[in-house]
Amino acid sequence: MIRNPLISDRLLIFVHIPKTAGTSLRSIVLEQFENIHFFYGIDGNEKSINSCIEDYNQMVDKIKLNNIDPFPTVIMGHIEFGIHRSLKNYRYCTYATFLRDPIDRIISYYFHVRNFFDETHFIGRSARNMTLEEFVRNRVSPETDNWQTRIISGMIYSPKPFDSDRVTPEILELAKTNLRKYFIFGLTERFQESIEIFSEFFRWENVTYVRANVNPDRIAKEELPAATLDILAEHSYFDIKLYRYAKQLFEQQREQLSPDKQKIRFWWEDIRENLQYSQDKLLKIKTDLERLK
């Protein structure tokens, strides 16, 4: 059931960036909410990127046409920032996500697709036939090239083909702005603290979880040769900068969401939004009455 007492037309958009503890977060979301619409079009299936983009656009079209029943209170999956622009049914949207150390995320992603994608999947087959360094250098998957920056900036599902040159300092700044203005987020390396922040913000109750989708066979970053780390860092140049910025914001987020401040903030937010909701209702009633004259 929905435990967040904010007015019902607020939509929660959980952006699941692969290999950032999103699967663990998903189990919590399933406990805390109902009417959840999931979109997992890329990771773990045999579709091409273009096919997944088509699926994503179809999902957005369904939402535009209100062709989802029951209409979701939560959308979660491998989606990018910006889907709220198509959601005319909601006055308020909140984004949430997890970010992870970019080098660790690439390592985890490589071993995940290597171990769990079958031979019919091009990415999995390639990972089994390549070293980590070869896999990243050959750009087998776009998810090894500044993927977190692409997702948070909203530069994923585009008519343009995948091209690492599309990630620019301007796109990094856009991702930083989006993260600061629109997201509540956690850090994989500080998962328990992040869940505590989410619990305060969304007023979750009795949160339980088991860390899921953890790959015990992956090697640690410290075990990799310096040359391999250099390749990973080169392909994570903007993600590394974004993650450094995110760690600074995370500390600010923790401070802002301390229990005492949280009570005051929610008290004021409830009053402000309920007043706005009442004003909207009154305006609608007045408009309807005028039409009846």
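Observations on the structure shown:
- Scanning the range 165-212 for residues that are surrounded by 15 or more Cβ atoms within 10 Å (Cβ to Cβ), of a type in the set (S, T, N, Q) and modelled with pLDDT under 90 yields a single hit, Ser199.
- For the range 122-143, the condition of being touching a Pro at 6+ places or on another chain (Cβ under 8 Å), modelled with pLDDT of 90 or more and closer than 28 Å to Gln248 by Cα holds for at least one residue.
- Listed by first and then second residue, the pairs linking a residue in the range 145-161 that is farther than 24 Å from Glu133 by Cα and surrounded by 24 or more Cβ atoms within 10 Å (Cβ to Cβ) to a residue that is at pLDDT 95 or above and among the hydroxyl-bearing types (Ser, Thr, Tyr), with Cβ atoms under 6 Å apart and 6 or more places separating them unless they lie on different chains, form an empty list.
- Residue count, the range 124-142 (criterion: farther than 16 Å from Pro225 by Cα and surrounded by fewer than 23 Cβ atoms within 10 Å (Cβ to Cβ)): 9
- Failed criterion for Pro18 (all others in (1) buried (at least 18 other Cβ atoms within 10 Å of the Cβ); (2) modelled with pLDDT under 85; (3) not hydrophobic (A, V, I, L, M, F, W, C) hold): (2)
- Residues of the range 222-240 that turn out to be under 16 Å from Arg100 (Cα atoms) and polar (S, T, N, Q), as a count: 1
The values are calculated or read from the model by the stated rules, or taken from the named source; none is laboratory data. As the structure is a prediction and not an experimental result, all values here were calculated from the model. Using ideal geometry, Cβ is built from the backbone for each residue, glycine included, and neighbour counts are taken over all protein chains shown.
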